[in-house]
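One structure is given below, encoded as structure tokens.
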Amino acid sequence: MNLRFYLLRRIALIIPTLIGLSILTFSIARLVPGDPVGLAAGPQATEEIKEALRREFGFDQPLPIQYVTYMTGLFRGDWGESLYTRRDVLGDLRTFWPATLELTTVAVIIATLLGVPAGVISAMYRNRMPDHVARVLSLFFVSFPAFWLAMIFQTWFGRDLGMFPINKRLPVLVAPPATTTGLFLIDSLIQLDFETFLVSLKHIFIPSLVLSFSAFASITRITRASMVEALEKDFVRMERAIGIPYRVIIFKYVLRNAFIATITVISLNFGWLMAGAILIETIFDWPGLGLYAVHASLSLDFQPIMGIAILYGIVFSIVNILTDIVYGILDPRIRYG
Amino acid sequence: MAELPSIQSEKRKSARSARWENFARGLYRFRSNTLSMVGLTMLIFILLVAIFAPIIAPYPEDAAGKTRVMARLQPPSEDFVFGTDKIGRDIFSRVVMGTGLALQVGTIIILLATTIGVTVGAIAGYAGGWIDDILMRITDIFLTVPALVLAIAISAALGKGIVNTMIGISLVWWPGFARLTRSLVLSLREEPFVEAAFGIGAGHMRIIFRHILPNAVSPIIIKMTTDFGFAVLTAAALGFIGLGAQPPTPEWGAMINDGRRFFPDEWWIATFPGLAIWLMVFSWNLIGDGLRDVLDPRARR
């Protein structure tokens, strides 16, 4: 079975999962004991206004019909509209999603850059001081509530030290780069606008650093464990015996072997950080899905919430497939079947 | 025939002492692990604070939302060790009074999630076939969306409040336990002692509960301990968003949300509840890390 066929099969398998997910979110959204329409219409709304709203959104239809309508819309690109803002959900997701994606990606990169070396050092100095320090530090940082640490960091680095901007993706007076991907870091590079690139890098640094802390511990732990396992393999003993320097063995051979398990954890973390971003964004006024999700959930506005859940489901499935491709690059022995 | 019972009781005794010996060895390893002992000490401290909260807190009535208009937004002082909030409540008293709540929230979430997850995982792994397929597809659906997103959706749908938050988080927390239990059951099912039990005519329930699950306990306990801290963290996050505990409940996440508007000028309102969450999560993480060494010898070498 070749790679292309494997990928097609994997992509096809996303569909039943997403249908299941849509049933799940749909049931959550329709089992609400509260009164979303009443909440959206406001306290002064008469029964007729509420009734009209219900009819407009199709809430008066039987549930199976509502579900089928929602699903056909989903495939046609009509993800419903918000009860509150009356804006198109898919349009909103398109606006807010790049900011969250950018924040999460940078956070995953930081977590990897911190976590993998920490894990490697732990494994090299197994059960000695550097190992213990790395272990305590990673548990220490992962235990902080990220939203709380975000407030502290915002104040320290943004206000007191003035090293970094306090919030948002760019200063008010700087125009965002022309949209290609919606990721400011990449768009500004495409435009060769290095000034905007640096400014947006400064803006994203503290939020993504805080976000990365929650992934640091698991990446360190898995890197250490798989390094330790790889270090005990026969080929390491052989390489040491024929006199290859220890450093070369570690970085050229062992790390590559150990990285497969680490990649899995990194991709899992991508999903977790995407969710964690919801909390961080509220602190840094980061105009991503987080603020959008919080507002929607507080006002029982379920169309956006369902949209976000399905978007996250799609992204997570894609990340899983990409992970499998990376396995194949790292380990040529892996055959897709 | 007369000596048969005695052989059996002899065997039972030796099995029990083997289990005891394992336990004693584990306890020794746990005790010689400095970090996990630090974690345990911290947790005992937290438990004591929770039990004696009404005695420790100088103003226990502040947990219920007593206002003290004269002492609004006071910085930490002798009277108010952690300062006061926007309506003059003593932060220290509220942090102390919230300890028990945080412990309860974590306990209930983890127990619910473990019960659902272990049941689903054990059935899936033991039954196999289409039952396994269906149960695992359902589990996968929950795992395709980050837990926090679904927890927010479910808690929002059920309505604001600490009980609904706990239900919401438990409903998204079980899939991890289901996956873990299933993989354990799958490998244990092939063990000779399970085959033997089946051979002498033991029923499915007996095999699952007497032979398979007791041997799967260690990894499940490790996961329960490490997850405990994160469950508390998630509940605090929902409280921070405004979905969880409602005022005047002294829930740490909601208290941070309360203090957000006053940060950083009146930094004490949000800072101390955050440190309390950190202490709780850190202690569970240290214990979980130590237990992993004790119960799963392969993990730490």
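The values are calculated or read from the model by the stated rules, or taken from the named source; none is laboratory data. These figures come from a predicted structure and were not determined experimentally. Glycine also receives a Cβ, built like all others from the backbone with ideal geometry; neighbour counts cover every protein chain displayed.
Scanning region A:19-46 for residues being more than 7 Å from chain B (Cβ to nearest Cβ) and part of a helix (DSSP H, G or I) gives a total of 12.
The rows are residues; the columns are (1) at the interface with another protein chain (Cβ under 9 Å from one of its Cβ atoms); (2) buried (at least 16 other Cβ atoms within 10 Å of the Cβ); (3) within 25 Å of the chain's Cα centre (by Cα); (4) touching a residue at least 40 places away in the same chain (Cβ under 8 Å).
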residue: A:ARG224; (1), (2), (3), (4): no, yes, yes, yes
residue: A:ARG237; (1), (2), (3), (4): no, no, no, no
residue: A:MET274; (1), (2), (3), (4): yes, yes, yes, yes
residue: A:PRO304; (1), (2), (3), (4): no, yes, yes, yes
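Every condition in (1) part of a helix (DSSP H, G or I); (2) surrounded by fewer than 18 Cβ atoms within 10 Å (Cβ to Cβ); (3) more than 14 Å from chain A (Cβ to nearest Cβ) is met by B:VAL81 except one, and the failing one is (1). Per this entry, A:ARG10 is not counted among residues that are modelled with pLDDT of 75 or more, surrounded by fewer than 16 Cβ atoms within 10 Å (Cβ to Cβ) and either in a helix (DSSP H, G or I) or more than 14 Å from chain B (Cβ to nearest Cβ) (or both). Checking each residue in region A:287-301 for being buried (at least 24 other Cβ atoms within 10 Å of the Cβ), not aliphatic (A, V, I, L, M) and not in a loop (DSSP other than H, G, I, E, B) picks out A:GLY290, A:TYR292, A:SER297.
With the condition kept exactly as written, say whether any residue in region A:276-286 is surrounded by fewer than 24 Cβ atoms within 10 Å (Cβ to Cβ) and more than 10 Å from every other protein chain (Cβ to nearest Cβ). Checking region A:276-286: at least one residue is surrounded by fewer than 24 Cβ atoms within 10 Å (Cβ to Cβ) and more than 10 Å from every other protein chain (Cβ to nearest Cβ).
Looking at A:PHE251, is it within 10 Å of chain B (Cβ to nearest Cβ), assigned to a helix (DSSP H, G or I), within 30 Å of A:ASN127 (Cα to Cα) and not polar (S, T, N, Q)? Quick ask: steps written out before the conclusion?
On the way: within 10 Å of chain B (Cβ to nearest Cβ): no; assigned to a helix (DSSP H, G or I): yes; within 30 Å of A:ASN127 (Cα to Cα): yes; not polar (S, T, N, Q): yes.
No.
Taking the criterion of being touching a Ser or Thr at 6+ places or on another chain (Cβ under 7 Å) and over 25 Å from A:ILE15 (Cβ atoms), the residues of region B:153-177 that qualify are B:SER155, B:ALA156, B:ILE162, B:ASN164, B:THR165, B:GLY168, B:ILE169, B:PHE177.
Quick check on region B:58-72. Is at least one of its residues at positive phi and touching an Asp or Glu at 6+ places or on another chain (Cβ under 8 Å)? For region B:58-72, residues at positive phi and touching an Asp or Glu at 6+ places or on another chain (Cβ under 8 Å): absent. Restricting attention to region B:45-71, the residues being more than 24 Å from the chain's Cα centre (by Cα), in a loop (DSSP other than H, G, I, E, B) and exposed (fewer than 15 other Cβ atoms within 10 Å of the Cβ) number 3.
Considering every residue within region B:277-286, establish whether at least one is facing chain A (nearest Cβ under 10 Å) and outside any helix (DSSP H, G or I). No, region B:277-286 contains no residue that is facing chain A (nearest Cβ under 10 Å) and outside any helix (DSSP H, G or I). Look at (1) crowded, with 17+ Cβ neighbours inside 10 Å; (2) without any contact (Cβ under 8 Å) to a residue 12 or more places away in the chain and you find that B:THR99 fails only one, number (2). Sort through B:GLY98, B:GLY106 and tell me the only one that's in a helix (DSSP H, G or I) and touching a Pro at 6+ places or on another chain (Cβ under 9 Å). Exactly one residue qualifies, and that residue is B:GLY98. Within region B:234-273, the only residue that satisfies the criterion of being at pLDDT 90 or above, surrounded by fewer than 24 Cβ atoms within 10 Å (Cβ to Cβ) and not polar (S, T, N, Q) is B:PHE272.
Go over the candidates B:SER155, B:SER183 one by one and state the one that is away from every other protein chain (no Cβ under 11 Å) and either of a type in the set (Ser, Thr, Tyr) or touching a Cys at 6+ places or on another chain (Cβ under 6 Å) (or both). Walk me through how you get there before you give the answer.
Numbers: B:SER155 fails: away from every other protein chain (no Cβ under 11 Å).
Of B:SER155, B:SER183, the one residue that is away from every other protein chain (no Cβ under 11 Å) and either of a type in the set (Ser, Thr, Tyr) or touching a Cys at 6+ places or on another chain (Cβ under 6 Å) (or both) is B:SER183.
Across region A:159-169, the qualifying residues are those that are under 24 Å from the mean Cα position of the chain (by Cα) and surrounded by fewer than 18 Cβ atoms within 10 Å (Cβ to Cβ), and the one among them that is farthest from A:TRP286 (Cα to Cα) is A:ILE166.
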